[in-house]
1. Using θ = phi - 60° and the Karplus form 6.51 cos²θ - 1.76 cosθ + 1.60, what ³J(HN,Hα) does each residue of the range 36-48 get, whole Hz, x for Gly and Pro?
2. Based on the Cα coordinates of the range 33-97, what is the per residue volume of their convex hull in Å³?
3. Which cross-chain or sequence-distant (5 or more) residues have an amide H under 5 Å from the amide H of Leu64, H modelled 1.01 Å from N in plane?
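What follows draws every value from the coordinates through simple rules; no lab data is involved. Just so it is clear, the model here is predicted, and its values are computed rather than measured.
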Amino acid sequence: MLLQAGVYRITNIETGDFYIGASVDIPGRWAVHKNLLKKGKGVPALQRAWRKYGPWSFQYDVLLWCDRDMVTVFEQRAIDVLRPQYNIQTIAGVGGMVGRHHSEESKQKISNSMKNNRRKGASPSFLDSVDECPLSTIPERDVEQLNKEVYNDGLR
């Protein structure tokens, strides 16, 4: 079975500022981030930067893949080690959906609100460019630092 759970980073390549997140379905979570950012919603600091610099100024990196029951542990360690600028919460799992599920009624409400809901004032070409955001690999120095902290020093 292919691992899809892990910790990821969204980086503003213009400033170097970034957001750390975790999910049991990283590809799905990235799609949610892009959708929210297209609509002018999402993490407030990340949203402001997205509007200012444009979607082409952001890259998405998977920091590590892990078992779904370790996602919050590794996210917290990544937040502690890397100190992201765009995260509002400094405690992993606070306000997140890890281990929780939407009811069928909630899913329907979310689905209805997402249909044909495009951010006002944004040109179609801008919204379409969001889907073409570059993906890249994580810089080796950050992988080394994270691995050193998590694996060599142990989880604290």
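1. 5, 5, 4, 8, x, 10, x, 4, x, 5, 5, 4, 4
2. Once divided by residue count, the hull of the range 33-97 is 105 Å³.
3. Under 5 Å from the amide H of Leu64 lie the amide H atoms of Val7, each far enough along the sequence or on another chain.
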